[in-house]
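What follows is a single structure, written as structure tokens, with notes after it.
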Amino acid sequence: MDYFHLRVYRNREISWRAFSSTDSIASKPGIVYHAKNWPMRSPRRFPMRCPRPIPFHPRRFGQLATPLGLVIALLGLFLGGYATWQLQSLKPATAPSGSPAASGAAPSTSTSASAESASVPSQGIFALAKLEPEGGILQIGGLPGDRILEIMVQPGQEVRENQPLIRLASYEVADAELALLDAQKQRGEDLRRIIQDSAQAQDAEAQAKIAQARASGKIDLQLADKKIQLLEGQTASAQDLLARLQQSGQSRLEIEKQDSLLKQLQSELESARISRQHAVEAAERSERLAELQRTSARKNVDRLLMEIPAPLPEAVRLATLRRRNGEINAPIAGKILSLSARRGELVGQFPLMQLADTKRMIAIAEVYETSKAELEQWLKQGGVRAELESALIREMVPEKKLTGTVQRVGSMIGRNQLMPLDPVQDADRRIFEVRVLLDQPDLASRMIHHQATIRLLPKQAEPAAR
């Protein structure tokens, strides 16, 4: 019987097995059979397992390639940096804009600078400058969350102070609130007028009742007084007659009859006096009642006036303030520089437009800090003039440059905000700001935020050839 020597790969384990020619060798999942065709006398002479060999695999090559690639990358970076350093060392050194080397003046004290400027004409101080309106650019915005209803201006339009620029949706709401408050106020005034007219009529009626009560009481008193006078006269006559009858010795019947008549007259007189007192009291009661009715009518009128629904002054002021905030007006007279608002948009945190007064334009120059002493000395000697040049200025200005006068020299030293276009120059410089009032504001207003090169010269010095 012939035997075959098979190498079996299963789960990365290698084993040797002996099979006879009569055995069924079938490939199973995960098992690979590799047979060497040589006959074997006995399978016992070969071991069933052997040490695992180290076959070649792509993953093992990747483990070796990673450190090798890192070494190659570091070597390339080193060579590139060395080449860059060599190229930079070959370039000529350039002085930053506004520095003493660029302006042609060596850094020295004010005494040496004045002596040098007296002997050698100064080339000026060069720096970067930006064109700005003198009053700055106003960022116009609205209350966040409101909606833009109407835009009443266009970019580039000249506007006057307090001119409406943008109308928001809250303007209509506040306007409707004010209209409602005005209607309530008008209705309250109408009701007040009606109540006051009714009160006047009631007061007139009460006064008429009082006058009537007084007149009626006066008449009653007059009648009572006349009746009392009449009864007093009759009583006095009856007393005299009774006395004469008693003295003359008349019959007893006549005397009793006269005495009875006297008593009747006295009784009527007493009754008349009581009636007069009652008439006085009745007149007083009628007058007091009329006064009470008049007072009650007045209080009723006051109560009705208090119940009239009238708008509060605070509500009117609040609605007026809402309407004022719903309409954005121009705070100053000027020109609309940009308009980023669109109809129907919601107002956010960003400005809706930019407004500036372009009648006076300035240039803000960033001058190198070493030129501060020289510039201040020029200001003391008679002032400093400025010249601005750039490609855009040469195209738009007939004189090929903008001129101006230095207004103010800043006292704070800080980092520059204007970046030079030349990549070789320093991007980080220590500068101070200089404000220059321009002589051509109408031309400069067409180039707001334009960056140009400015040249500062003393006024008594003539411009040297550049």
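The values are calculated or read from the model by the stated rules, or taken from the named source; none is laboratory data. On a predicted model such as this, the values are computed, not experimentally measured, just so you know. Backbone-built Cβ (ideal geometry, glycine too); neighbour counts: all protein chains shown.
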Those residues of region 345-374 which are outside any strand (DSSP E or B) and within 22 Å of Met419 (Cα to Cα) amount to Glu369, Thr370, Ser371, Lys372
Filter region 423-466 for residues that are at pLDDT below 75 and farther than 26 Å from Ala373 by Cβ and give the result. Pro423, Val424
Answer yes if at least one residue in region 231-243 is more than 21 Å from Ser216 (Cβ to Cβ), assigned by TED's automatic domain parsing to the domain that holds Ala213, of a type in the set (Gly, Ala, Ser) and touching a Leu at 6+ places or on another chain (Cβ under 6 Å), and no otherwise. yes
Kindly evaluate Asp203 against the criterion of being at pLDDT 85 or above and among the charged types (D, E, K, R). no
Top-ranked residue in region 242-283 [being of a type in the set (Gly, Ala, Ser) and closer than 25 Å to Arg214 by Cβ; ranked as modelled with the highest pLDDT]: Ser271
Tally up the residues in region 245-258 that are loosely packed, with under 11 Cβ neighbours inside 10 Å and of a type in the set (Lys, Arg), please. 1
Counting only residues that are surrounded by fewer than 11 Cβ atoms within 10 Å (Cβ to Cβ), outside any loop (DSSP other than H, G, I, E, B) and within 38 Å of the chain's Cα centre (by Cα), how many does region 383-423 have? 1
